[in-house]
1. If the viscosity is 1.306 mPa s and the temperature 10 °C, what Stokes-Einstein diffusion coefficient in µm²/s follows for the stretch 30-178 when Rh is the Kirkwood radius over Cα pairs?
2. So how many Lys-Lys pairs in the chain land under 29 Å Cα to Cα, not counting same-chain pairs under 8 apart?
3. Hey, how much of the P(r) for the chain falls beyond 38 Å, as a percent of Cα pairs?
4. Restricting attention to the stretch 97-175, which trypsin sites (Lys or Arg not before Pro) occupy a DSSP loop and are surrounded by at most 15 other Cβ atoms within 10 Å?
5. Using only the alpha carbons of the stretch 202-257, determine the length spanned along each of the three principal axes and report them from longest to shortest in whole angstroms.
6. Using a Förster distance of 51 angstrom, determine the FRET efficiency expected from the C-beta separation of LEU14 and GLU207, and round it to 0.05.
7. Ordered by residue, what ³J(HN,Hα) values in Hz, to whole numbers, does the stretch 221-231 give under the Karplus form 6.51 cos²θ - 1.76 cosθ + 1.60, where θ = phi - 60° and Gly and Pro are x?
8. Please identify the DSSP H helices in the chain that span no less than 24 Å along the helix axis (Cα) and have a mean Kyte-Doolittle hydropathy of 0.5 or more.
Amino acid sequence: MLFMLVLAFFVLALEIALDLLNLRHLRRFGGTVPAVFEGAVDREILRRSAAYTVARNRIAILESVVVTGAFLFFLFGGWLAPYERWVASVTPSFIGGGIVFFVGLILARTVLALPFNLYRTFRVEKDFGFNTTTAGLWLSDLVKSLVISVLLSVLLIGGALWLIEAAPRLWWFWVWGFFALFTVVLIYLSPVLIEPLFFKFEPLRREGLEEAIRKLMGRAGLTVSRVFQVDASRRSRHSNAYFTGIGKVKRIVLFDTLLEQMNDREILAVLAHEVGHWKLRHILKRIVFMQATLLAGLFLASRLIDWEGLPALVGLEEASFAGRALILFFLAGLVSFFLTPLGSYVSRRHERQADAFASNLTSRPADLGAALVKLSLENLTNLHPHPLYAWFHYSHPPMVRRIEELLSVAQGGEANEEE
């Protein structure tokens, strides 16, 4: 028990140390204007960017300490056993008890995070000019998100526990298949059932842009079923664009904030980057990797779930199936933390490949570079992350380095044309 508790605190301390290292690096170099941003950014913007990064990281650190501390207190402080007894008093059913057990923890986690979400939205985001949501809209989104989360959790947990009860020897395989099928169904249904609950989808209003998007997709061998813009500006000034769908038929969704910030060529460059992920099978590779990892994890869990020493890891003599599963989730979280740099490296590699694909597809790498400059300035991106922090956490190459690579390609292309 003591070893596991020390390990958990070590992981939390290491995470905080990385955050503090990143902030100290920002205080030291945050006033320096990168060469690729000269003429586009001034020291006032850099000051606001640094202040925004500090404000977000401070509240993230505090939230991590409170939420993680509460979970460790629950797990190691002797509260798991009374919680299991309470769940058993509510329902003796294996399936019903498991649902109550995990949904109760999900709700507790939501309540703990609520003050931090409020502060982040109505203080940090508001102070830096990003928040546009009202208290009523925020509350409405919270209720809808919570209802959806609970419903999906009940379906997933209930279905998994039913399979465990029905096939006690091969449950790990059937649960994996159920989760995989659930994921595919959700990918199909989310754009038409869930996303419209939060955004108003409208046809693209900017004249000529949809036609240009369809031509771009055609050159990449993709078919676009619909192109939408959504009213993201009702909640935030942050911008985004994304694809939905499976196979060759895609839906493209553009935030109205993105349409306000960028010209057509820059928007096409951003979409070309997303096309690169599809054409280079990054999405498929990630799904396959996640499913393979899930299958291996469930198989390992099936071998460990009945291990007599499992409850002793948190100081208990015995635990229910749900309690044992929670302990395994805790162990998986510790292992996944140390694997974070590997996942970050693979993701950054994919992002560079998608940038290269976009440069070839549009033949204008400078457009993507210009789009990234605007995204950085509009979102007050940290332009000076600590190299160790970026290596550990960044799923994308640091913005300055990424733009440098794109501009280098653009300058190379111009030199070749002159020759």
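FYI, it's all coordinate maths here, none of it is from the lab. Worth saying up front: this structure is predicted, and the values here are computed from it rather than measured. Note: ideal-geometry Cβ built from the backbone for every residue, glycine included; neighbour counts use all protein chains shown.
1. Taking Rh from Cα pairs, D becomes 83 µm²/s.
2. The result is 21.
3. 30 percent
4. Of the trypsin sites (Lys or Arg not before Pro), the ones in loops of the stretch 97-175 whose Cβ has at most 15 other Cβ atoms within 10 Å are ARG169.
5. On the principal axes, the stretch 202-257 reaches 34, 26, 16 Å in Cα extent.
6. Rounded to the nearest 0.05, the efficiency is 0.45.
7. Running phi through 6.51 cos²θ - 1.76 cosθ + 1.60 with θ = phi - 60° gives x, 10, 10, 9, 7, 9, 10, 10, 10, 10, 7 Hz.
8. 2-29, 43-76, 94-119, 135-166, 171-189, 282-304, 321-338
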